[in-house]
1. Mind checking which of E189, E319, E370 has the largest fluctuation in a GNM of the chain, springs on alpha carbons under 10 Å?
2. Compute the label zone of T423 within the range 163-188: residues whose backbone N is under 18 Å from the point 7 Å along Cα-to-Cβ.
3. Can you work out the Karplus-derived ³J(HN,Hα) for every residue in the range 232-237? Use 6.51 cos²θ - 1.76 cosθ + 1.60 with θ = phi - 60°, whole Hz, and x for glycine or proline.
4. Assuming 1.002 mPa s and 20 °C, estimate D for the range 329-439 with Stokes-Einstein, Rh taken as the Kirkwood radius over Cα pairs, in µm²/s.
5. What is the percent of Cα-Cα separations in the chain that go past 26 Å?
6. The range 19-117: D in µm²/s via Stokes-Einstein (Kirkwood Rh, Cα pairs, 20 °C, 1.002 mPa s)?
7. Please state the charge dipole magnitude for the chain, taken about the Cα centre, from unit charges on C-beta atoms (+1 on K and R, -1 on D and E), reported in debye and rounded to the nearest 20.
8. Run the numbers for D401 and D273: contour at 0.36 nm per residue of separation, minus the present Cα-Cα distance, in nm.
Amino acid sequence: MNAPLASLYPAHLATLRTRADRALELGGFDHLLIAAGTPPGKFLDDQDYPFVANPHFKHWLPLTDAPGSWIAYTPGMKPKLVFVQPRDYWHVAPQTPHGYWVEHFDITTVRSAGEAVAQLPKDRNAVIASACPAIDGVTINNPQPVLDYLHWHRSYKTPYELALMRESSRIGARAHRAAEAAFRAGESEFGIHLAYLAAARQIDAELPYASIVGLNEHGAVLHYMHFDRTPPAEHRSFLIDAGASCAGYASDITRTYAAAGHGGFQALIDSMDAAQQSFAAKVRPGQSYPELHLHAHHAIADVLREHGFIRMSAGSAVESGVTSAFFPHGLGHSIGLQVHDVAGFQQDERGGNIPRPDGHPYLRMTRTLEPGMVVTIEPGLYFIDMLLAELRDKPVAADIDWATVDAFRPYGGIRIEDDVACTDGAPENLTRDAFARLG
């Protein structure tokens with residue numbers, strides 16, 4: 001993989017330099033300083049939380065383990081990396097920078113965060129860094145005009161970024177296959193999670209987000225992260241939402257499975273899978289993401305009718321809020337350096353906000369799709385006791401077959417999620433392609 005990355009990286013860096021030039025001009029700054037960050041300390045303890053590099057730092061170079069380091073960029077000059085490599089026998093020091101990207105930076109190696117700060121320009125700096133903890137000798141300003149411009153354009157992935165996202169999808173797909181096999185073998189949620197980590201060859205701290213591994217009713221908890229250590233008496237269903245990382249870029253994949261002998265739930269999964277693929281096929285230039293989300297509600301209403309859950313039209317199910325009880329979250333979000341990537345609501349490169357549609361408070365993206373964007377498409381259909389109880393108290397309850405609903409409650413729910421790139425033509429489904437390569 002290194003050879004194609006080496007060929008793609010120079011154009012990627014040139015794109016970032018051009019964007020930085022314009023962002024600094026808009027903000028009235030001379031230099032862009034980006035902190036890698038430092039791991040936050042645990043309260044009343046001498047241990048730290050796992051280090052996660054500033055996404056702006058990872059955007060410039062594939063260096064995810066360089067706490068205390070900085071990128072300093074001045075228009076017209078070669079970008080500079082101030083790399084902190086402490087003399088430390090308590091921990092493994094970060095490796096000396098190497099690889100396809102190092103020739104494109106002036107690299108200065110220092111032994112402490114304080115020494116790194118001394119290497120930075122002092123005046124008219126746009127400093128992108130976490131404001132807490134403070135950094136001695138640096139005024140952290142995170143100027144909004146600079147961030148707005150950079151975040152807007154970060155929505156459009158370069159060919160280099162797409163190559164890394166394809167790899168993170170391949171890692172994730174491989175690990176999902178292992179998780180499914182562990183489910184079929186009767187493992188506990190904890191055992192399935194361990195199988196996932198082993199296949200991904202990544203520890204929890206390296207994954208882009210905490211995995212969701214839910215058996216049976218646990219699939220109804222949208223962010224279920226408990227990991228039962230004991231297998232249930234019966235494996236009926238399995239929902240896994242888990243991703244992988246590659247050089248700081250994320251994949252975000254969800255699959256739902258029925259155990260052998262549970263044909264009714266498998267049929268419901270098949271209907272949701274067909275609907276999900278139809279939504280992914282609409283990831284094309286000019287598609288309003290909120291309109292796609294609303295379209296998904298109508299399609300899920302059709303699934304509910306097809307399987308006997310409701311006795312009303314799709315339009316009535318959406319307008320009355322019935323579909324929101326079964327599908328209470330958004331269709332998806334932007335993805336890249338962060339799982340929920342920036343600028344999902346941004347109006348243009350100067351900021352602003354595009355509001356969510358009324359009645360859909362959890363939608364995470366309201367932009368119109370354009371080539372270069374990568375979004376998740378993750379419709380769901382769940383049997384959530386709290387929401388079902390609220391639905392039973394509404395007049396529309398008479399048009400719901402509660403016996404059918406109750407028969408499916410032990411399965412928890414269904415979510416199917418792919419990462420899909422918008423192109424000039426047909427969408428590129430990074431997730432489905434990754435699974436297809438596995439055979």
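The values are calculated or read from the model by the stated rules, or taken from the named source; none is laboratory data. None of these values were measured; they are calculated from a predicted model. Note that each Cβ is placed from the backbone with ideal geometry, even for glycine, and that neighbours are counted across all protein chains shown. Heads up: the accessible areas ignore ligands, DNA and RNA and are worked out on the full protein's heavy atoms, side chains in. Shrake-Rupley method; radii C 1.70, N 1.55, O 1.52, S 1.80 Å.
1. Looking only at E189, E319, E370, the biggest GNM fluctuation is shown by E319.
2. Only 163-170 fall inside the zone, counting backbone N under 18 Å.
3. Values per residue, Gly and Pro as x: x, 4, 9, 8, 9, 8 Hz.
4. My calculation gives 128 µm²/s for D.
5. In whole percent, the long-distance tail amounts to 60.
6. Values: Rh = 14.6 Å.
Estimated via Stokes-Einstein, D reaches 147 µm²/s.
7. Numbers: 36 positive and 50 negative charges, 157 e Å.
So the dipole magnitude of the chain works out to roughly 760 debye.
8. Numbers: separation 128, 0.36 × 128 = 46.08 nm, distance 2.27 nm.
Result: 43.8 nm gained on full extension.
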